[in-house]
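Comments concern the structure below.
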Amino acid sequence: MQLRVARHTDRFAEIVRFYRDGLGLREIGQFKDHNGYDGIFLALTETETHLEFTTGGEHRGPTPHPDSLLVFYLGSSDAVSEACERVGAQPVEPANPYWKAHGVTLVDPDGFRVVLVPDSWVAG
């Protein structure tokens with residue numbers, strides 16, 4: 001099974017810089033003016049999961065909620081520090097105290113929260 005999470009944005013260039021250039025997600029495709037939309041596909045390393053961001057059309061991007069999170073398990077504290085430096089965003093207080101104890105919460109250009117966890121995911 002593969003998963004693609006798609007989200008519309010009003011800040012396309014800034015979102016690309018945050019996720020592709022800052023967090024290091026690999027660009028695997030993009031499109032321009034497809035029925036009035038532009039978009040990009042970003043792959044999460046070593047997974048069958050993609051993030052798609054689109055812009056255009058007649059509607060605005062969604063309203064962020066402090067508990068709507070993308071959580072990235074980066075595998076080390078160094079990887080989290082490096083990603084924070086590349087992104088250039090300051091950590092924020094998470095709504096859920098669990099994430100304060102287990103990661104660093106950032107806000108993307110759309111106002112959605114992203115948690116960077118220094119551990120690797122282990123199902124349990």
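Annotations for the structure displayed:
- Take every Cα pair under 8 Å whose residues are at least 6 apart in sequence, average their separation, divide by the length of the stretch 69-117, and the relative contact order is 48 percent.
- Sites Ala101 and His65 - FRET efficiency at Förster radius 25 Å, r taken between beta-carbons, to 0.05: 0.75
- Over the chain, DSSP H runs of length four or greater, each weighted -39,500 (n - 2.57), average out per residue to a 222 nm ellipticity of -4500 deg cm²/dmol.
- Percentage, to the nearest whole number, of Cα pairs in the chain over 16 Å apart: 63
- Where a label projected 7 Å from the Cα of Arg17 along Cα→Cβ would reach, residues of the stretch 101-115 with amide N under 14 Å: 108-110
Bear in mind that the values in this text are calculations on the coordinates, not laboratory data. Keep in mind it's a predicted model, so treat the numbers as computed, not measured. Please note: Cβ atoms are built from the backbone with ideal geometry, for glycine as well, and neighbour counts cover all protein chains shown.
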